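The values are calculated or read from the model by the stated rules, or taken from the named source; none is laboratory data. It should be emphasised that the depicted structure is a prediction, and the values quoted were computed from it without experimental measurement. As a convention, Cβ positions derive from the backbone with ideal geometry for all residues, glycine included, and neighbour counts pool all protein chains shown. Accessible surface areas use protein heavy atoms only, side chains included; no ligands, DNA or RNA. Shrake-Rupley method; radii C 1.70, N 1.55, O 1.52, S 1.80 Å.
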Amino acid sequence: MTHVADADAVSALSDQLADAVERAGRAVVQVNGRPRQPSSGIVYAPGLVLAADHALEREDDLTVETAAGPALPAQLVGRDGASDLAVLRVPGLAAETATPAAAPARVGQFALAVGRPGGRALMASIGIVSAIGGPARMRGGLLEQYLRTDATPYPGFSGGALIDTRGGILGLLTTGLAGGATLAVPVALAWRLAEPLARQGYLSRGWLGIGSQPVRIPAGQRGGRAHDRGLLIVEVAPESPASRAGLLLGDILVTLGDQTVDDGEALQALLGGDRVGRPVTVQVIRGGTLVALDVTVGQRPDRRR
Amino acid sequence: MSPVLAPPARADHALGLPADVLSRVMPSIVRIRGRGPAGAAGVVWRGDAVVTNHHVVAGAGRALRVIAADGHAHAARVLDASRELDLALLEVPGAELRPGAIGASERLRVGALVFAVGHPWGQPWVVTAGIVSGLGTLSGPDRAARRPYIRSDVRLAPGNSGGALLDARGAVVGVNAMVLGGDLAVAIPSEVVRRWLGERA
């Protein structure tokens, strides 16, 4: 490399990064929802804060603080474990509303993690967008997309912002989704999920009520189909859509609607919120014979409710 | 994220200090050897005076040496020290070291680029890059008065203690002191050092 960094350019970059943190920081709040370490949140609409679901260890007595203080009472209006998102309503919150980044995140771009993890003080670290992944199966459902970063997540950064070098929001930080890895829910997805969370308190997620494992189906037991994969049903929850439709232990689920079902991820992806309350025809192989059943898809129960 | 450079350093990294700035700053960072095998770092404050951490020189006695960037080892003695601030002022009789440009730590902002120069794990004159992560106070070792500190995400290791935290122009804005929780680097602001030196004058 022959490039030689210019002293003024480095200073300008330094100022730009500090400006970006300051700008985004006006919309990053401190969220007090667990005994010791506070967490962070992003003001995504006037009076509404997106926070990290896992950092809210109680549902009452929640407060939110800005740099200016004081602590304002916050009401939990919705939460979702699979995306680790929660929406808080904070009457009287004067903080600015966050601005999404002008363009979606790209692997390799500089990214800053910004949080307000205690004492109302803003903190930041720098790294890059390391990966863009998903859909991924999380506890309680499917997460369409996530970002990964190598910026240091200080304690209490969950719910904070991953931002670009202009202060635009790339995503909402969380270390609570995948074994402590520093991930972010992309801003477009987080903002989109916030809407039903604020409106109805939960995300619609389709649910059959089965436990299954992917299997390879031997020739001659495929019910006349050529495809050799399916989901062996090893559990049927009582009073579940699957139980009401007559699915049995030992059935091999092969289609839902007009889609083949090869594994659990495929099934999760097919069970979007739009299917809740609607009938769909599933095909299972039972004793080597193809059987069609109509299932009315239910809403995935939240284990906390 | 820590681009690691050793002199003669070439700061080609986008986050790196320009090579001319780096070569100007390097002689103002010294190595310090005490009684133990683990070295530390120091910042040249005057031609014959070096600032470092108190915990670096405690108990070193007559074994104390300051090693300049040119490799020359000088005998040194502790002129003054504050356990509370974790600062020590060393006198290096007869030396003509190059003093660092001292920056205004009170003008630092969260998010600004910073560079640590020291000798992590004994590797001489290594630069690591990051940003200011937080500005605030922490309570001292004796849980007494809370004092201002610069927190950053530069990667520090044993051997960085007493070394310089530089801003984007290569000015010394802090003296690296410790690492909290494995990944939070803590530096004593240059303003605190300046005030301490002023008080003892």
Protection proxy ranking, peptides A:26-38, A:196-208, A:148-160, average beta carbon neighbours within 10 Å, highest first: A:148-160, A:26-38, A:196-208
Which angle between 0 and 90 degrees, to the nearest 10, do you get for helix A:7-25 versus the longest principal axis of chain A when only C-alpha atoms count? 60 degrees
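Please compute, for peptide A:6-19, the average count of beta-carbon atoms on other protein chains lying within 10 Å of each residue's beta-carbon. Walk me through the numbers before you get to the answer.
On the way: counts 3, 7, 3, 3, 13, 8, 1, 5, 12, 5, 3, 9, 9, 3.
That works out to 6 on average.
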Obtain the radius of gyration and the Kirkwood radius of chain B from its C-alpha atoms and give Rg over Rh. 0.93
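Let me know the whole percent of all Cα-Cα pairs from region A:14-111 that are separated by more than 21 Å.
Values: 1702 of 4753 pairs.
I get 36 percent for the Cα pairs in region A:14-111 exceeding 21 Å.
How much accessible area per residue does chain A have, counting only protein heavy atoms and a probe of 1.4 Å, in square angstrom? Write out the running numbers ahead of the final one.
Details: 13420 Å² over 305 residues.
Each residue of chain A exposes 44 Å² on average to a 1.4 Å probe.
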Rounded to whole Hz, the Karplus (6.51, -1.76, 1.60) HN-Hα couplings of region A:69-74, x for glycine and proline: x, x, 5, 9, x, 10
Radius 11 Å from Cβ of residue A:116, net charge of other residues (Lys, Arg +1; Asp, Glu -1): +1
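In cubic angstrom, how much convex hull volume per residue do the alpha carbon atoms of region A:64-153 span? Write down the numbers at each step before the final one.
Values: hull volume 11.5 nm³, N = 90.
Hull volume normalised by residue count: 127 Å³.
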Using only protein heavy atoms and a 1.4 Å probe, report how much of residue B:167 is accessible, in Å² to the nearest 10. 40 Å²
Given H placed 1.01 Å from N in the peptide plane, which residues other than close sequence neighbours of residue A:236 have an amide H under 5 Å from its amide H? A:211
Could you tell me the accessible area of residue A:22 in Å² (1.4 Å probe, neighbours in place), rounded to the nearest ten? 90 Å²
For B:178-184, mean number of other protein chain Cβ atoms within 10 Å: 2
Residue by residue, what Karplus-based ³J(HN,Hα) values in Hz, rounded to whole numbers, does region A:154-164 have, using 6.51, -1.76 and 1.60 with θ = phi - 60° and x for Gly and Pro? 6, x, x, 7, 4, x, x, 10, 9, 10, 8
Heavy atoms of residue B:72: accessible area, 1.4 Å probe, square angstrom to 10: 100 Å²
Going by amide H atoms built from the backbone, whose H comes under 5 Å of the H on residue A:138, apart from near neighbours? A:143
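Of all DSSP beta bridges located in region B:70-191, what percent are antiparallel, nearest 5? Display every interim value, and only then the final one.
On the way: 33 of 34 bridges.
For region B:70-191, the DSSP antiparallel bridge percentage is about 95.
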Calculated from backbone phi, Karplus (6.51, -1.76, 1.60) coupling profile of region B:122-134 in Hz, x at Gly/Pro: x, 6, x, 6, 10, 9, 10, 10, x, 10, 5, 8, x
Mind checking the angle between helix A:187-200 and chain A's longest principal axis? C-alpha axes, 0 to 90 degrees, to the nearest 10. 70 degrees
Taking GluC sites (Glu not before Pro) as exposed when DSSP calls them loop (any state but H, G, I, E, B) and at most 16 other Cβ atoms lie within 10 Å, what is the longest stretch of chain B free of them, the sites themselves excluded? B:97-201
Give the value in nm², to one decimal: projected area of the alpha carbon convex hull of the protein assembly as shown, averaged over all directions. 28.8 nm²
Within 10 Å of each candidate Cβ there may be at most 10 other Cβ atoms; applying that plus a DSSP loop requirement, which GluC sites (Glu not before Pro) in region A:221-305 survive? A:239
Distant-in-sequence amide H partners of residue A:111 (H built 1.01 Å from N, under 5 Å): A:127, A:128, A:129
